[in-house]
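Quick notes on the structure that follows.
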Amino acid sequence: MNNSVVNTGRLLMAGLRALLVLTLVTGVVYPLAVLGAGQALFPDRANGSQLRADGRVVGSSLIGQAYNLPLEKGEQTPAADLKWFQGRPQNGLGTNSVNTRYSLVLSGATNRSGDNDELVQWVKDAKAAVVKDNSVPGYTVEPSDVPADAVTSSGSGLDPDISPAYARLQVHRVAERNGLSVAQVDRLVADHTEGRTLGFIGEPRVNVLELNVALRELAGAGRSASIAP
């Protein structure tokens, strides 16, 4: 037999064996090892950082969600359920036909410049709504009190956190709507305020879903609204 044919056959067999071994190692052994390590060391994070209330999953602490009232007849956009703490505006404040209210189909910002007339108007409208919604008898929100994250979305539009300043701005409204004292709700916000990661990365923040789960427990289990969107 021609030596070149024999050598070619040997090379092909060696290549096939290498392919099978690498497929087994990188396609089976390594993924199973990573999966096992994740489940053993970080089971909560490995399973999506899910939060539960009343024995069922109500969301993930990694993804923001809307807290709205059911759509009324003729409405196209549901009104916010003001008994809950509200997160940042969704979809870069704008609307489109694909991503609505924290949908995971698409994420992203508006890509509009800071002086874009439409974006400026969205921010003004959002600020007016924040002032109106959070002003209750005995507590008036001034436009200068409204923090930036209350009227702007994150780069992804899916941010699950708000600033402590925005959470505190909502305390009086949430307390009134839930029949709680301002001190109780203020303490709830303080207990759920996280500092900078490692002490210097990012900014202090409050996870809205975690805060609302704790609010529901504080206000009592017998309520008609659901945390889940």
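Can you tell me which of (1) at pLDDT below 75; (2) in contact with a strand residue (DSSP E or B) (Cβ under 8 Å, 6 or more places away or on another chain) is the one Gln76 doesn't meet?
Gln76 satisfies every listed condition except (2).
Is at least one residue of the range 52-70 touching a Pro at 6+ places or on another chain (Cβ under 8 Å) and loosely packed, with under 10 Cβ neighbours inside 10 Å? I'd like the intermediate steps shown before the answer.
Step one: list which residues in the range 52-70 are touching a Pro at 6+ places or on another chain (Cβ under 8 Å), which gives 59-70.
Narrowing the set further to residues that are loosely packed, with under 10 Cβ neighbours inside 10 Å leaves 70.
Yes, there is a match, as at least one residue in the range 52-70 is touching a Pro at 6+ places or on another chain (Cβ under 8 Å) and loosely packed, with under 10 Cβ neighbours inside 10 Å.
Just give me the residues in the range 124-160 being charged (D, E, K, R) and over 23 Å from Leu209 (Cβ atoms), in sequence order. Quick ask: steps written out before the conclusion?
Initially, the range 124-160 is screened for residues charged (D, E, K, R), giving 124-125, 127, 132-133, 142, 145, 149, 159.
Within the range 124-160, Lys124, Asp125, Lys127, Lys132, Glu142, Asp145 qualify.
Considering each residue of the range 178-211, count those that are among the charged types (D, E, K, R), within 18 Å of Tyr139 (Cα to Cα) and surrounded by fewer than 15 Cβ atoms within 10 Å (Cβ to Cβ), and give that number. Explain how you work it out, then say what you get.
We begin by selecting, within the range 178-211, every residue among the charged types (D, E, K, R); these are 186-187, 191, 194, 196, 203, 205, 210.
Next cut, within 18 Å of Tyr139 (Cα to Cα) only: 186-187.
Then keep just the ones that are surrounded by fewer than 15 Cβ atoms within 10 Å (Cβ to Cβ); that gives 187.
Count: 1.
Can you confirm whether the range 2-23 contains a residue that is outside any helix (DSSP H, G or I) and surrounded by 10 or more Cβ atoms within 10 Å (Cβ to Cβ)?
no
Regarding Val34, is this residue within 22 Å of the chain's Cα centre (by Cα) and outside any loop (DSSP other than H, G, I, E, B)?
On the way: within 22 Å of the chain's Cα centre (by Cα): no; outside any loop (DSSP other than H, G, I, E, B): yes.
No; evaluated as a whole, the condition is false for this residue.
Quick one: which helices (runs of 4 or more DSSP H) lie wholly within the range 114-195 and hold at least 3 residues that are hydrophobic (A, V, I, L, M, F, W, C) and within 22 Å of the chain's Cα centre (by Cα)?
Numbers: elements: 117-134, 164-169, 171-178, 182-191.
The qualifying helices (runs of 4 or more DSSP H) are 117-134, 164-169, 182-191.
Against the condition farther than 30 Å from Ala175 by Cβ, out of contact with any Ser or Thr (no Cβ under 8 Å at 6 or more places or on another chain) and modelled with pLDDT of 75 or more, how does Gly27 come out, does it pass? Spell out how you get there, then give the answer.
Working: farther than 30 Å from Ala175 by Cβ: yes; out of contact with any Ser or Thr (no Cβ under 8 Å at 6 or more places or on another chain): yes; modelled with pLDDT of 75 or more: yes.
Yes.
Taking Gly59, is it in contact with a helix residue (DSSP H, G or I) (Cβ under 6 Å, 6 or more places away or on another chain) and in a loop (DSSP other than H, G, I, E, B)? Please lay out each step first, then the result.
Numbers: in contact with a helix residue (DSSP H, G or I) (Cβ under 6 Å, 6 or more places away or on another chain): yes; in a loop (DSSP other than H, G, I, E, B): no.
Here the answer is no, as Gly59 does not meet what is asked.
With respect to Glu142, is the statement that it is acidic (Asp, Glu) and either at pLDDT below 90 or over 25 Å from Ser60 (Cβ atoms) (or both) true? Can you show your working first?
On the way: acidic (Asp, Glu): yes; either at pLDDT below 90 or over 25 Å from Ser60 (Cβ atoms) (or both): yes.
Here the answer is yes, as Glu142 does meet what is asked.
The values are calculated or read from the model by the stated rules, or taken from the named source; none is laboratory data. Since the model is a prediction, treat every value here as computed from it, not as a measurement. Every residue, glycine as well, gets a Cβ built from its backbone with ideal geometry; the counts of neighbours run over all protein chains shown.
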